[in-house]
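S.K.: Okay, here's the structure, questions in a sec.
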Amino acid sequence: MLDRVKHPGDFVITGGRVVAPDRVLDDGWLAVSGGQIAAVGTGTPPSSPDAAPVDVAGALVVPGFVDTHCHGGGGASFSTLDPDEIRTAVRAHRRHGTTTMLASLVSDPIDLLTEQIAALRELVQEGDLAGIHLEGPFISRARCGAHDPDTLREPDTGTVEKLLRAGHGSIRMVTLAPELNGGVKAVRQLAESGVIAAIGHTDGVADQLVPAIDAGATVATHLFNGMRPLHHREPGPVGVLLDDERVTVELICDLVHLHPTVVRLAAQHAGRGRTVLITDAMSATDAADGRYTLGRLEVDVHDGVATLDNGSLAGSTLTMDNAFRNLVKGAKLDVLDAVRATSARPAELLGIADRTGALRPGLAADAVILDDDLRPSRVLHRGEWVAEAGRATLST
């Protein structure tokens with residue numbers, strides 16, 4: 001398990017603006033006991049000699065962030081066989097308030113993917129990761145973005161089953177292009193296996209996408225990015241996925257991948273029930289500019305923007321606290337929208353809303369204390385304070 005700063009005994013966070021599931025509680029308090037939220041309220045909390053007060057002086061208290069799409073951070077990648085490197089990436093994002101996350105793998109040869117899955121599976125079993133997301137290799141060559149085209153392939157039942165078996169139940173989501181031969185069949189196979197089938201990196205047209213949704217696809221992988229664009233005579237993936245009430249849409253809210261107006265339009269149309277913010281972060285996140293790798297490809301990071309040699313965006317250097325702030329300050333949505341998109345909805349998507357994703361009694365004590373600029377000053381993970389919350393660790 002990753003190191004955390006233990007707080008002595010039970011405690012009560014007081015004097016904050018606590019974001020409950022349906023409203024903001026001014027002068028709110030949050031009681032923590034045994035790593036769980038014991039109670040939430042306003043005004044003066046119940047007196048308890050065993051609960052030490054922690055006054056946050058008017059700061060905003062939100063649930064810990066849940067990131068369903070992340071490739072690494074802190075100079076470390078999830079596409080590795082080294083558990084320590086994986087822990088470095090998790091630790092980097094936890095400092096920024098991500099208390100629950102999937103580890104995303106880019107396209108690689110199948111045998112290497114199975115080895116990477118095995119390395120990640122260890123941390124899933126330890127509880128430091130909520131699962132694994134395979135972004136490929138069953139994606140479109142025409143829309144592969146920062147995936148090595150030489151590793152791409154069409155899905156077949158045997159290969160999909162091999163990857164799922166390697167995960168031993170830890171693979172929670174797979175992104176694929178449904179227009180590929182076997183694509184819709186693979187969607188059905190994933191859905192029947194209890195794995196989220198996501199549509200992304202696709203050049204498909206509407207008539208190729210609807211059958212995949214009918215077969216069980218429920219997520220749009222980073223809507224707009226890595227897919228055929230919206231056209232008024234052929235809505236393509238953007239139109240079909242955004243308009244279908246069965247589909248949850250991921251948005252990379254770094255305001256680089258998407259303009260603030262596009263974020264606002266998509267989030268308002270999908271609503272709180274279908275909008276999820278993700279980072280799509282790569283290893284350069286929470287690290288210095290420079291030369292990195294994403295899977296098998298070289299990536300240059302300048303002023304925090306990651307690109308391939310051809311200028312294409314290659315993931316992001318986004319953290320979930322920045323995504324939250326960008327949605328509120330850049331796209332002009334409200335705090336309740338941001339909490340739904342960064343915590344509650346992704347937790348529901350992963351089927352863990354009974355454990356985390358909201359400030360509600362009985363759930364894990366996962367919370368982020370945000371200052372007036374919506375930057376994290378403290379992070380609480382399962383009732384323990386995270387060291388160096390909000391602080392970047394630069395890597396060369």
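S.K.: Return the sequence-ordered ³J(HN,Hα) values of segment 171-185 in whole Hz as given by the Karplus equation 6.51 cos²θ - 1.76 cosθ + 1.60 applied to θ = phi - 60°, using x for Gly and Pro.
M.R.: 7, 9, 8, 9, 9, 8, 9, x, 6, 5, 4, x, x, 5, 4
S.K.: Please identify, among H232, H259, H133, the residue showing maximal mean-square fluctuation in a Gaussian network model of the chain using a 10 angstrom Cα cutoff.
M.R.: H232
S.K.: Right, another one. May I ask for the angle, rounded to the nearest 10°, between helix 157-167 and the longest principal axis of the chain, with both axes built from Cα atoms and the value confined to 0 to 90°?
M.R.: Roughly 30 degrees, rounded to the nearest 10.
S.K.: With charges set only on the Cβ (+1 for Lys and Arg, -1 for Asp and Glu), what does the dipole of the chain come to about its Cα centre, in debye to the nearest 20?
M.R.: Roughly 600 debye, rounded to the nearest 20.
S.K.: Right, here's the next one. Amide H to amide H under 5 Å from E384: which residues, 5+ apart in sequence or cross-chain, H placed 1.01 Å off N in plane?
M.R.: none
S.K.: In addition: Farthest toward the dipole's positive end in segment 65-349, which of V305, L223, A287, given Cβ charges of +1 (Lys, Arg) and -1 (Asp, Glu) about the Cα centre?
M.R.: Value: L223.
S.K.: Out of residues 5 or more away from L294 or on other chains, whose amide H comes under 5 Å of its own, with H placed 1.01 Å from N in the peptide plane?
M.R.: Those lying under 5 Å, H to H, from L294 are V299.
S.K.: Something else: Segment 219-272: which trypsin sites (Lys or Arg not before Pro) are DSSP loop and have at most 12 other beta-carbon atoms within 10 angstrom?
M.R.: R233, R246
S.K.: Let me ask you something else. Specify the angular offset, from 0 to 90 degrees and rounded to the nearest 10, of the alpha carbon long axis of helix 83-94 from the longest principal axis of the alpha carbons in the chain.
M.R.: 60 degrees
S.K.: Counting pairs of alpha carbon atoms under 8 Å apart in space and at least six apart in sequence, what relative contact order in percent does the chain give?
M.R.: 21 percent
S.K.: Under a 5 Å amide H to amide H cut-off, with H placed in plane at 1.01 Å, what residues pair with F11 once short-range neighbours are removed?
M.R.: It is V32, A52, by chain and number.
S.K.: Along Cα→Cβ, 7 Å out, is where each label goes; now give me the distance between the ones at H232 and L81 in nm to one decimal.
M.R.: It works out to 5.5 nm between the two label points.
S.K.: Please report Rg over Rh for segment 65-349, where both radii come from the alpha carbon positions and Rh follows the Kirkwood definition.
M.R.: 0.93
S.K.: Next up: Hand me the trypsin sites (Lys or Arg not before Pro) from segment 295-344 located in a DSSP loop with no more than 14 other Cβ atoms within 10 Å, in residue order please.
M.R.: Working: sites: R296, R325, K329, K332, R340; in loops: R296, K332.
Of the trypsin sites (Lys or Arg not before Pro), the ones in loops of segment 295-344 whose Cβ has at most 14 other Cβ atoms within 10 Å are K332.
S.K.: Tell me, what is the percent relative contact order of segment 259-396, built from C-alpha pairs under 8 Å that lie six or more residues apart?
M.R.: Reported as a whole number, the value is 21 percent.
S.K.: Can you tell which of T100, T44, T275 shows the greatest fluctuation in a Gaussian network model of the chain with Cα springs below 10 Å?
M.R.: Its mean-square fluctuation being the largest, the pick is T44.
S.K.: Moving on. Rounded to the nearest 10 degrees, what's the angle between the helix 260-270 long axis and the longest principal axis of the chain, both from Cα atoms, 0 to 90?
M.R.: For 260-270 against the chain, the angle is about 90 degrees.
S.K.: Another question, if that's okay. Could you tell me the relative contact order of segment 163-299? Use alpha-carbon pairs under 8 Å, at least six residues apart, and round to a whole percent. Show your work: numbers first, answer last.
M.R.: Working: 213 pairs, mean separation 22.7, N = 137.
Contact order relative to length: 17 percent.
S.K.: Could you tell me which of S77, V184, A365 has its Cα farthest along the dipole of the chain towards the positive end, charges placed at Cβ (Lys, Arg +1; Asp, Glu -1), taken about the Cα centre?
M.R.: A365
S.K.: Counting each DSSP H run of 4 or more residues in the chain as -39500 (n - 2.57), what helix-only mean residue ellipticity at 222 nm follows after dividing by all residues, to the nearest 500 deg cm²/dmol?
M.R.: One gets -7000 deg cm²/dmol as the mean residue ellipticity at 222 nm.
S.K.: What whole-number distance in Å separates the alpha-carbon centres of segment 176-242 and segment 120-175?
M.R.: 16 Å
S.K.: Loop only by DSSP, 13 or fewer other Cβ within 10 Å of the Cβ. Give me the trypsin sites (Lys or Arg not before Pro) in segment 156-208 that pass, ordered by residue number.
M.R.: Working: sites: K162, R165, R172, K185, R188; in loops: none.
Answer by residue number: there is no such site.
S.K.: Shifting gears a bit: For an R0 of 41 angstrom, estimate the FRET efficiency from the Cβ-Cβ distance between K162 and S48 and round to the nearest 0.05.
M.R.: Computed FRET efficiency for K162 and S48: 0.15.
S.K.: Further, regarding this structure: Pick out, from V160, A266, Q208, the residue whose Cα sits farthest towards the positive end of the charge dipole of segment 65-349, with +1 on the Cβ of Lys and Arg and -1 on the Cβ of Asp and Glu.
M.R.: So the residue we want is A266.
S.K.: Another one. Which value in nm describes the separation of the simple spin-label points at D303 and L336, placed 7 Å from the Cα toward the beta carbon?
M.R.: 3.7 nm
Each reported figure results from applying straightforward, stated rules to the coordinates on display, with no laboratory input. Worth saying up front: this structure is predicted, and the values here are computed from it rather than measured. Positions of Cβ are generated from backbone atoms using ideal geometry, with glycine treated the same way; all protein chains shown enter the neighbour counts.
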